[in-house]
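The values are calculated or read from the model by the stated rules, or taken from the named source; none is laboratory data. Nothing here was measured: the structure is a model prediction, and the numbers come from that model. Cβ placement follows ideal geometry from the backbone for every residue including glycine, while neighbour counts extend to all protein chains displayed.
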Amino acid sequence: MGAMEFFTPNIEKKPSSLRYYQEGVPSVDVDNWRLDICSADGRQISLNYATLLKLPQTTQHRRLVCVCNWTIKRHWTGVLLKDALIAAGVDITNLQGLFLKQVSVGTPEKGIYESWIDLAGAVARGAILAHSVDGAPLPPEQGYPLRLIDFGLYAYKNVKGLTRLEVTPTAQQGHWEELAGYSLDGTVKPKRYYAVDLRKHMFTMHTGEVTEW
Ligand SMILES: Nc1nc2c(c(=O)[nH]1)N[C@H]1C(S)=C(S)[C@@H](COP(=O)(O)O)O[C@H]1N2
Ligand SMILES: [Mo]
């Protein structure tokens, strides 16, 4: 894969990720980092970074949308959420009515960031656990070592610096839902957004992932 394949135009115009790391950028030692995945019945497994890299990998050119009206399309590499759940022994044929709680590493000063998403929907939409963007490991402020992205949802539903996933029957409000009244569901709305990569305002006419530009 050539470097050009992973080029994002106007990347220097992207809003600062420091503004979108509510709990502060954690410093993660990847040798001690784990992704814990907890099933609905309480069984838990821990995947280390090397194990994650051994699962089937996927690179996808998809658009992330922030609720505050900017969006950027980049090349995300990682593992399908579905494949990580299978590796954890989660029965993915029966996810209806369940939610996925995501928990960040956090910092001692500002705590952690959590988000609950509809699990069946996330799997159906091809949500990914991304460890790289545009061909390089995630920079610390963009969620190193791992972030979940469900491209049908606003980015506040997608946790950077991820360390724990829990399958659960109930959803709670995360940081921005509580503070700013953003919807618990988080589905991207039909609206005008500023596309950083295109350097222009664009409309999307439907709800969910923006795939037409
Ligand atoms: N752990 C954590 N993840 C987070 C956030 C956060 O504050 N903490 N902010 C979210 C919001 S509101 C946005 S817009 C995106 C920003 O991602 P970026 O740093 O790649 O721009 O991260 C999301 N994930
Ligand atoms: Mo956001």
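Checking Gly97 against (1) out of contact with any strand residue (DSSP E or B) (no Cβ under 8 Å at 6 or more places or on another chain); (2) at negative phi, which test does it fail?
The failed condition is (2).
Identify, please: which residue in region 142-159 is within 19 Å of Asp197 (Cα to Cα) and not aliphatic (A, V, I, L, M) and is, among those, nearest to the chain's Cα centre (by Cα)?
The qualifying residue nearest to the chain's Cα centre (by Cα) is Phe151.
Select from region 167-213 the residues that are among the aromatic types (Phe, Trp, Tyr) and in a loop (DSSP other than H, G, I, E, B) and list them in ascending order.
Hits for region 167-213 are Tyr182, Trp213.
Mind telling me which of the residues Pro145, Pro190, Pro137 ends up being over 25 Å from Thr77 (Cβ atoms), of a type outside the set (A, V, I, L, M) and touching a His at 6+ places or on another chain (Cβ under 9 Å)?
Pro190
If you check Ala136, Ala122, Ala127, which single one turns out to be away from ligand 1 (no atom under 12 Å from the Cβ), modelled with pLDDT of 95 or more and surrounded by fewer than 23 Cβ atoms within 10 Å (Cβ to Cβ)?
Testing whether each residue is away from ligand 1 (no atom under 12 Å from the Cβ), modelled with pLDDT of 95 or more and surrounded by fewer than 23 Cβ atoms within 10 Å (Cβ to Cβ) leaves just Ala136.
Any residue in region 78-100 that is away from ligand 2 (no atom under 16 Å from the Cβ), among the hydroxyl-bearing types (Ser, Thr, Tyr) and touching a residue at least 24 places away in the same chain (Cβ under 8 Å)?
no
Are there any pairs, at least 6 apart or on different chains, whose C-beta atoms fall under 6 Å, with the first in region 61-74 and free of Cβ contacts under 8 Å to residues at least 60 places away in the same chain and the second part of a strand (DSSP E or B) and surrounded by fewer than 20 Cβ atoms within 10 Å (Cβ to Cβ), and if so, which?
Within 6 Å, the pairs are His61/His75.
If I go through region 67-99 residue by residue, how many of them are under 17 Å from the mean Cα position of the chain (by Cα) and buried (at least 20 other Cβ atoms within 10 Å of the Cβ)?
Residues that pass the stated criteria total 12.
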